[in-house]
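Here, each number is a calculation from the coordinates, and none is a lab measurement. All values derive from a computational prediction rather than experimental measurement. Cβ placement follows ideal geometry from the backbone for every residue including glycine, while neighbour counts extend to all protein chains displayed.
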Amino acid sequence: MAQQTILQKLEILADAAKYDASCASSGTAKKNSLGGKGIGSTEGMGICHAYAPDGRCISLFKILLTNHCVFDCHYCVNRKSSNVARARFTPQEVVDLTLAFYRRNYIEGLFLSSGIVKNSNHTMEQIVEVARILREEHDFRGYIHLKTIPEADAEIVHQAGLYADRVSINVELPTDSGLTRLAPDKDARQIEGAMGKVKADLAEAKDAHKRFKHAPRFAPAGQSTQMIVGADAATDADIVGKASRLYDNFRLRRVYYSAFSPIPDASAVLPLKRPPLIREHRLYQSDWLMRFYGYKPAEVMQATEADGNLPLDIDPKLAWALKFREQFPVDVNRSTKEQLLRVPGLGVKAVGKILASRRHRALRLDDVALLTQSITKVRPFICTVDWRPVMLTDRADLRSLLAPKAEQLELFAA
Ligand code: SF4
């Protein structure tokens, strides 16, 4: 076989990496500028964005070390039985590309994952070697996110954490049965065991840092994971339950949700269609409710419909409020922060501003309107000095009044 050029490898391995969502942001309309039409792709490959520990949004060079793999996960385009073009970088090639892109200011860091070649330990060693060369030989200070392989020895995964800012281990599927069926080479207990070990390493490093200023740092941006949505029969309630257990058990910084996308030559056990992208978005919103709005997982689950899935036409916070109308209206001038955070249409910042302003004067509906995108959505759930919703909160057709209007499809949309 003819030797592949670096550019050919780059095309294959950047494209193969795009299915991993663990560094992506959600909720963006997917647009692309490929073919020279406009600028600003959000669905191309090669670069993704992540938030650094200090809150900055940074561009990462997102690449696989190789898309060869000895595993055969049904949902993965790189699985052993998949008929795709294969390529493999050496660690030095990834280092050279990272440095070249960094010096040109294209990127501020690296997101590195890999298929499994030979065996898990060998692959993990190669991933660690990339980070080692960057840090030790080039004094690279940029952000590094390493995807780690749960089947690899804990010591090698530990090495990854010593060089990386963030490490992640994908749980892949929301249920153990889904994992057994769709990723027969993987083992849920092994995955969670590896996450538990990273959690212990993180705690140990933090503790050491308190005692010794120069103690080695270990993945200061913590660990994250990714779950594929829509490849098995798991409901949103299952997914929310799993995410919440992962946050509790492993102190994850983030759980990423990735809507399953049909792949070429897909296995017959997979669904033919991808789930609607809005489902992924609703799961991110539910994740937000648990992390920033004080909802317990069981409460988010209460927002699901009879089939166990979150409604697609309205966000989970509104769905919950419509089900528990007896909790509303809340008085903007008197209610607690926790109560205000339950009001559909009021975000964390808006609630902070309400709490600060009401110390000085009683708030009117117009004051609240300045803090929200849609006062129509907020009105049924609050009262102010000049507004009470009276019967509005209990109207049977409130959901249809508040659901965003369906957008007309573009006639010639792809
Ligand atoms: S281990 Fe599974 S998910 Fe990862 S690259 Fe191989 S086939 Fe794909």
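Mind jotting down a quarter of the surface of the convex hull over the alpha carbons of segment 241-336, in square nanometres, one decimal?
8.4 nm²
Residues with amide H under 5 Å of residue 47's amide H, sequence separation 5 or more or different chain, H placed in the peptide plane at 1.01 Å from N; which?
For residue 47, the qualifying residues are 62.
Might you report the magnitude of the Cβ-based charge dipole of segment 81-152 about its Cα centre, with Lys and Arg at +1 and Asp and Glu at -1, to the nearest 20 debye?
Magnitude of the dipole: close to 220 debye.
Which loop trypsin sites (Lys or Arg not before Pro) in segment 251-343, with loop taken from DSSP, have no more than 11 other Cβ atoms within 10 angstrom of their Cβ?
Hits after loop and neighbour filter: 273, 334.
Efficiency by 1/(1 + (r/R0)^6): what FRET value for residue 292 and residue 90, r their Cβ-Cβ distance, R0 = 45 Å, to the nearest 0.05?
It comes out at approximately 0.60.
Please state the Cα pair-distance histogram of segment 65-150 with 10 angstrom bins from zero: what percent is in each bin?
Computed distribution, short to long bins: 17, 46, 28, 9.
Kindly state, to the nearest 0.05, the FRET efficiency for residue 400 paired with residue 104, given R0 = 35 Å and r defined as their beta-carbon distance.
For residue 400 and residue 104, the calculated efficiency is 0.10.
Step through the residues of segment 275-284 one at a time and calculate ³J(HN,Hα) from phi using the Karplus curve (6.51 cos²θ - 1.76 cosθ + 1.60, θ = phi - 60°), rounding each to whole Hz and writing x for Gly and Pro.
Taking θ as phi minus 60°, the curve returns x, x, 4, 5, 5, 4, 5, 4, 5, 4 Hz for segment 275-284.
Once Lys and Arg get +1 and Asp and Glu get -1 on their Cβ, which of 393, 259, 216 lies farthest toward the positive end of the dipole of the chain?
Going by the charge dipole, the pick is 393.
With the contact rule set at Cα under 8 Å and sequence spacing of 6 or more, what percent relative contact order holds for segment 6-275?
After rounding, I find 17 percent.
Report the Cα-based extents of segment 316-410 along its three principal axes, largest first, to the nearest Å.
That gives 47, 31, 22 Å along the principal axes, largest extent first.
Mind checking Rg over Rh on segment 97-230, alpha carbons, Kirkwood formula for Rh?
Rounded to two decimals, Rg over Rh is 1.00.
Can you give the extra length, in nm with one decimal, that the chain gains between residue 153 and residue 203 once fully stretched, where that is 0.36 nm per residue apart less the Cα-Cα distance?
16.1 nm
Using a/c under 1.5 as the rounded threshold, could you call segment 158-226 rounded, prolate or oblate? The axes a ≥ b ≥ c are square roots of the C-alpha gyration tensor eigenvalues, and prolate needs a/b larger than b/c, oblate otherwise.
prolate
Scan around residue 383 for amide H atoms under 5 Å from its own, H built in the peptide plane at 1.01 Å from N, and keep only partners 5 or more places away or cross-chain.
Amide H neighbours of residue 383: 330, 331, 332.
Take every Cα pair under 8 Å in segment 285-414 that's 6+ residues apart, average their separations, divide by the length, and report that relative contact order as a whole percent.
In percent, rounded to a whole number, it is 22.
Specify which residue in the list 111, 284, 324 is farthest towards the positive end of the charge dipole of the chain, using unit charges on the beta carbon of Lys, Arg (+1) and Asp, Glu (-1), about the Cα centre.
324
Please return the longest stretch of the chain lacking exposed loop sites, where GluC sites (Glu not before Pro) count only if DSSP places them in a loop and at most 15 other Cβ atoms lie within 10 Å.
That would be 44-304.
Treating the beta-carbon of each Lys and Arg as +1 and of each Asp and Glu as -1, no other charges, what is the dipole magnitude of the chain about its Cα centre, to the nearest 20 debye?
It comes to approximately 1360 debye.
Classify segment 6-275 from the C-alpha gyration tensor, please: rounded if a/c falls under 1.5, else prolate or oblate depending on whether a/b exceeds b/c.
rounded
How much mean residue ellipticity at 222 nm does the chain get from its helices, if each DSSP H run of length 4 or more adds -39500 (n - 2.57) and you divide by all residues, to the nearest 500 deg cm²/dmol?
-11000 deg cm²/dmol
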